[in-house]
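Trainee: Questions regarding the structure given below will be posed in turn.
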Amino acid sequence: MIDAIENSAYAIWVRESPSIWAFTTILSLHAMGLAIIVGINTMIALRLLGYVPGIPVASLRKLYPWMYVGFTINAFSGLSLLAANLSNDSHNPMFLMKLSLIALAMINLELTRAKVFDDPLVVNGTGVPAAAKRFAMASLVLWTLAIIAGRLSEYPSFVQAWLGITPIGQ
Amino acid sequence: MIDAIANFLTAGPFDEFVATNDWVWPLCEILHFFGMALLIGSVGLVDARMLGIGKGIPIKSLERFVPLGVIGFCINVITGLLFVAGNPVGGPQEYLTNLALQLKMLCVLIAGVNVLLFYALGIAKAANAVGPSGDAPMSAKIVAVVSLILWFGVIYFGRFIMYNDTLLYAWGL
């Protein structure tokens, strides 16, 4: 199964094509998508924590579709990069940690929508629910850890030497 | 000029510091990504709002996030200089002659001029005067488009630094 994906025509193209649009552009898109979703979510979190009170909290709801633009870019680029390198990535503990953290960050993003942006206090512009700060802190912590895990997934020997975490199943 | 910059970067203890401590490079990469997200999240959001995205968010208030972008930019200048100084393969020379890095720096430079023009020409003032749901003036929209293209260009060419050959091959260089 892993071999079949990794040796599919698309995965081979991503990995081996000398085209400017293959591996490197997909890698670049992945950084751009990260900047969009993490960047916007960070600013929303800071507002929920009380920074820049001049911004009406309800108005930030309009940024949700744009965070999903970032997420979609990264789902597409991430799956492409994963297909091209599946046999390595599937054993990489930091990579699996990163995926888990992203899943938690996305759940937190939706909980923030349901518990903060859908709250009548916010909708009516009369206040912010007390839980908003907890969701905001969670988003900052989860994205920070996701970026750390994602970057460290590129340095398995460093991770092994400093953290004692070895590749899974090898 | 490349020699002068390379000599400057290797005159201090920095290249040695990066080379002898294996944690410096991964740590700087993590910080470089944080800086990127801060910059796009702040400056990029102001740009997006001036283009009409997220109407209801006051541009004037959104601009208070810009100092965070400046902090992100400073983090990235420092970590970026450490990357160039401590490049394990070929040293600073290799990076400073790298086409992708040169294009990235060109984007940073023009983006910097764009920011200066935004404030110096009174465009920022005009954009700040717009109401929470108002439409930014055309001059602000032009600045915003240029800014977004350039900062995403910085990310684009930044990722190509390690894969410079792809760029050279694509352009027949």
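Trainee: When A:VAL128 is evaluated against the numbered criteria (1) more than 12 Å from every other protein chain (Cβ to nearest Cβ); (2) in a helix (DSSP H, G or I); (3) under 18 Å from A:LEU63 (Cα atoms), which criterion, by number, is the only one it fails?
Mentor: (2)
Trainee: Further question: Free of Cβ contacts under 8 Å to residues at least 40 places away in the same chain and not in a helix (DSSP H, G or I), is that true of A:SER28?
Mentor: When the stated conditions are applied, A:SER28 does not pass them.
Trainee: Now, a different point. Quick one: A:PHE23 ticks every box in (1) in contact with a Gly (Cβ under 7 Å, 6 or more places away or on another chain); (2) crowded, with 20+ Cβ neighbours inside 10 Å; (3) within 12 Å of another protein chain (Cβ to nearest Cβ) bar one, so which box is it?
Mentor: A:PHE23 satisfies all of (1) in contact with a Gly (Cβ under 7 Å, 6 or more places away or on another chain); (2) crowded, with 20+ Cβ neighbours inside 10 Å; (3) within 12 Å of another protein chain (Cβ to nearest Cβ) except (1).
Table: residues versus (1) outside any helix (DSSP H, G or I); (2) surrounded by 19 or more Cβ atoms within 10 Å (Cβ to Cβ); (3) facing chain B (nearest Cβ under 10 Å); (4) at negative phi.
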| site | (1), (2), (3), (4) |
| --- | --- |
| A:ARG15 | no, no, no, yes |
| A:PRO18 | yes, no, yes, yes |
| A:SER59 | no, yes, yes, yes |
| A:SER80 | no, yes, no, yes |
| A:HIS91 | yes, no, no, yes |
| A:MET94 | no, yes, no, yes |
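Table: residues versus (1) surrounded by 21 or more Cβ atoms within 10 Å (Cβ to Cβ); (2) touching a helix residue (DSSP H, G or I) at 6+ places or on another chain (Cβ under 6 Å); (3) free of Cβ contacts under 8 Å to residues at least 60 places away in the same chain.
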| residue | (1), (2), (3) |
| --- | --- |
| A:GLY39 | yes, yes, yes |
| A:ILE44 | yes, yes, no |
| A:THR72 | no, no, yes |
| A:SER87 | no, yes, no |
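Trainee: Continuing with the same structure: Given B:ILE75, B:ILE57, which one is touching a helix residue (DSSP H, G or I) at 6+ places or on another chain (Cβ under 6 Å) and assigned to a loop (DSSP other than H, G, I, E, B)?
Mentor: Being touching a helix residue (DSSP H, G or I) at 6+ places or on another chain (Cβ under 6 Å) and assigned to a loop (DSSP other than H, G, I, E, B) holds for just one of B:ILE75, B:ILE57, which is B:ILE57.
Trainee: Tell me the residue from B:LEU51, B:LEU82 that is touching a Cys at 6+ places or on another chain (Cβ under 7 Å) and under 30 Å from B:PHE160 (Cβ atoms), please.
Mentor: Being touching a Cys at 6+ places or on another chain (Cβ under 7 Å) and under 30 Å from B:PHE160 (Cβ atoms) holds for just one of B:LEU51, B:LEU82, which is B:LEU82.
A quick yes/no check of all residues on (1) more than 9 Å from chain A (Cβ to nearest Cβ); (2) touching a Leu at 6+ places or on another chain (Cβ under 6 Å); (3) without any contact (Cβ under 8 Å) to a residue 40 or more places away in the chain:
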site: B:ASP15; (1), (2), (3): yes, no, no
site: B:VAL18; (1), (2), (3): yes, yes, no
site: B:LEU31; (1), (2), (3): yes, no, no
site: B:GLY44; (1), (2), (3): no, no, no
site: B:ILE53; (1), (2), (3): no, no, yes
site: B:PHE65; (1), (2), (3): no, no, yes
site: B:ILE71; (1), (2), (3): yes, no, yes
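Any read-out appearing in this document is the output of simple, stated calculations on the displayed coordinates, not a laboratory observation. Owing to the predicted nature of the structure, the values given are computational and were not obtained by experimental measurement. Glycine also receives a Cβ, built like all others from the backbone with ideal geometry; neighbour counts cover every protein chain displayed.
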